[in-house]
Each structure stands twice: as structure tokens, then as C-alpha cells.
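Okay, structure first, notes after.
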Amino acid sequence: MSGLLSDEVLSHIGREGAPRREIVTRRDIRKYAIATDNRQSKYLDGDVAPPLFHLHLFWDVVPLNELSPDGVSIDSLLPKFPLEKAMAGGLDIRYCKPIRPGDWLTATRTLTNVYEKAGRSGPLIFYEVLMEVRDDGGELVVIEKTTRILR
Amino acid sequence: MTLAPTVGMTIPQREHYCDEVQQMLYNASLWNGHRIHFDMPYATEVEGYPGLVVAGPLMGDWLHQVVDEWLGDAGMITGIEYSNRVAAFVGETVTAGGTVTAYDEATGEVTLEVFVKNDRDEVLTPGVITAKLERER
């Protein structure tokens, strides 16, 4: 290994973000369903949230002056990586319970892994973030693992 | 409705036209201000893309939808693994579809290989979805 990752960067593995608690509204479900081209009435009417709605519910709402010049919000869970160009990433999601209007949901994000690999045109950094979404009874609603690659 | 999945069967495909207004509403609904999705001079001159980039998770949503429409009220999606490999651009029409790769009649668990592809047949977003069918009563 070329040893791109310093002990300081690696020390962020296991870091957990502050939990975020949000309420699900019928209007938000309807907006999400329409914007995604959905055509099933249970979602368009907002009776139940379509899969992937948790992405909408927990996308970081940051003030305009905290966005970077390209309009992206800076993820405070992540250390400053020595490589910065983001490549394709992957998602692994398990859906445990349906989401309905009136549900209060809490998301907790953890940086679960950081590692490097030799790519065809140079080193690559991989990192994994685990997001757990639970209801107020503590039951798991969605669990999502994101893997991102930097070059 | 009863579904009778068999390994190797394809599910009905769906086309999506990637429209500017939809991109704007989708990204606004998330609070995603990334300029590559709405700022044409930035996307083309600064980032070097041929046009406005379709949001990756929107194509992830279309993977879910093509299976969810096939399932109707007969079952629920229980999981997905997917990655955004190739970008799509506003003005393109993309197609979502899938093939059943496993089905366990005893548990009702069905697995599908799914994709979003462009009109050059390039797979942009490959994935695997698992779903659970309701048992007959």
C-alpha cells in the first residue's frame, strides 16, 4: 500500500454524527413522489412513502453560506481526505418498516470504514457510511450503507 | 393480484425522459444544491460534462419504481444494492427494467437484477433488488 491514509484520517473510523430527528408529512411524500415520476396513487396521495424516501427526509439541510461554491454541503462526518475527486459510489439498503405521514424518525450516521486500494490509474480511497433510521419506539425502519470512492 | 415469478422472466420496462423541471423539483425536494444539476455553464465549462447531470439517486429511485410497479399490492421491496456507474444527462431518455434471478416460493422472497440504461444500451445504474411477496391466504 502506498500509505495515503494517515493515522489522523483513520482515527475518524467509528465516528458517529449527531442523531437527526424529522417528522414525515403527507406533503413531503407527495412532493417526492411527483418529482421522481412516480405513478402509484398510494405515494402520489401521500398515504405511504415510496422506498428511498428516507434520502429526502435526511438530506442535510444546511444554510446557503455553508455550501461550497459548487453548491454541495460539506459532510462533517468525514475527515479531509488526501484524494478529493469523487467517483461512482454504491448503496446497500434494507427496508424494515413502511414510512407513513406523522412518523417521527431519527437517523444516525457512522463512518464505518476507510481504506485504500490500488486502482488502474492510481490509488483509490474507499469510505463507508452506515445510516440507521429508527422510529420513536426504537425499531429499525431503514438501514443504509453507502460506499464512496475517491481518486 | 397474484404474481408468479419464474427465474429468467423479465418485468415490464419503463422509460423516463430526463427533464429540466423534474431535475429542479427533485433536487430542491432533497435540498441538493449541486450546480452540475442545474447550472449549464458550470456543468459544461467548469466540470467538463456534455450537459446537466441527472441526479444519481433519482436513477436509484427509478430502479425501485420499475420493480415496485411490477409488485403492485402483491409484495414489498425489502432491499437494494446499486451503484451509479455512468452519468445520464438532461434531455436523454433512459429505460429501467429487470430480470428475476431467484424466487423462493416457500418464503415469497424474490430477487431481481435491475438496470437503468441509456439509448446506446449502456447500463448506467446496475443493481439487485430483493422483495417479499405476500403469501396466498
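The values are calculated or read from the model by the stated rules, or taken from the named source; none is laboratory data. All values derive from a computational prediction rather than experimental measurement. Here the Cβ is made from the backbone with ideal geometry for all residues, glycine too, and neighbour counts use every protein chain on show. The area values use the complete protein model at the heavy-atom level, side chains included, leaving out ligands, DNA and RNA. Shrake-Rupley method; radii C 1.70, N 1.55, O 1.52, S 1.80 Å.
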key: region A:111-146, subset open to solvent by 30 Å² or more (accessible area, probe 1.4 Å) and of a type in the set (S, T, N, Q), residue farthest from A:ARG94 (Cα to Cα)   = A:SER121
key: Residues located in region B:53-64, provided they are within 8 Å of chain A (Cβ to nearest Cβ) and either among the acidic types (Asp, Glu) or open to solvent by less than 10 Å² (accessible area, probe 1.4 Å) (or both)   = B:LEU58, B:GLY60, B:ASP61, B:TRP62, B:HIS64
task = Out of the residues in region A:17-33 that are within 24 Å of B:VAL21 (Cβ to Cβ) and more than 7 Å from every other protein chain (Cβ to nearest Cβ), state the one that is most open to solvent (accessible area, probe 1.4 Å).
result = A:ARG27
inquiry  = Looking at the structure I just gave you, is B:ARG85 under 15 Å from the mean Cα position of the chain (by Cα) and at pLDDT below 95?
reply    = yes
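Checking the condition charged (D, E, K, R), surrounded by fewer than 18 Cβ atoms within 10 Å (Cβ to Cβ) and closer than 22 Å to A:ASP28 by Cβ, which residue from B:ASP39, B:ASP19 passes? Even if it seems obvious, please write down each step before you answer.
On the way: B:ASP39 fails: closer than 22 Å to A:ASP28 by Cβ.
Checking each option against the conditions leaves just B:ASP19.
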query = Which of the residues that make up region A:57-69 are open to solvent by 20 Å² or more (accessible area, probe 1.4 Å) and in contact with an Asp or Glu (Cβ under 8 Å, 6 or more places away or on another chain)?
reply = A:ASP60
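If I go through region B:85-100 residue by residue, how many of them are part of a strand (DSSP E or B) and of a type outside the set (Phe, Trp, Tyr)? Don't jump to the end; show me each part of the working.
First pass over region B:85-100, keeping only residues part of a strand (DSSP E or B): B:89, B:93-100.
This time we only want the ones that are of a type outside the set (Phe, Trp, Tyr), so: B:93-100.
Of the residues in region B:85-100, 8 are part of a strand (DSSP E or B) and of a type outside the set (Phe, Trp, Tyr).
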ask   = Applying the selection to region B:6-20, what residues are at pLDDT 95 or above and not in a strand (DSSP E or B)?
value = B:THR6, B:VAL7, B:GLY8, B:MET9
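Residue by residue through region A:46-56, note down the ones that are open to solvent by less than 50 Å² (accessible area, probe 1.4 Å) and assigned to a loop (DSSP other than H, G, I, E, B). Let's see the steps before the verdict.
Going through region A:46-56, the residues open to solvent by less than 50 Å² (accessible area, probe 1.4 Å) turn out to be A:46, A:48-56.
Within region A:46-56, A:GLY46, A:VAL48, A:ALA49, A:PRO50, A:PRO51, A:LEU52 meet the criteria.
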inquiry  = Could you check region A:38-69 and list, in sequence order, the residues that are at pLDDT below 95 and over 19 Å from the mean Cα position of the chain (by Cα)?
reply    = A:LEU64, A:ASN65, A:PRO69
query = From A:ASP37, A:ASP45, A:ASP75, which residue is at the interface with chain B (Cβ under 7 Å from one of its Cβ atoms) and either out of contact with any Ser or Thr (no Cβ under 6 Å at 6 or more places or on another chain) or of a type in the set (A, V, I, L, M) (or both)?
reply = A:ASP37
remark   = Matching residues in region B:23-50 (without any contact (Cβ under 8 Å) to a residue 40 or more places away in the chain and assigned to a helix (DSSP H, G or I)) number 17
query = Within region A:81-97, can one find any residue that is at pLDDT 95 or above, over 21 Å from B:THR125 (Cβ atoms) and in contact with an Asp or Glu (Cβ under 8 Å, 6 or more places away or on another chain)?
reply = yes
message = Taking the criterion of being out of contact with any Asp or Glu (no Cβ under 7 Å at 6 or more places or on another chain), surrounded by 23 or more Cβ atoms within 10 Å (Cβ to Cβ), at pLDDT 95 or above and not hydrophobic (A, V, I, L, M, F, W, C), would at least one residue in region B:88-109 satisfy it?
response = no
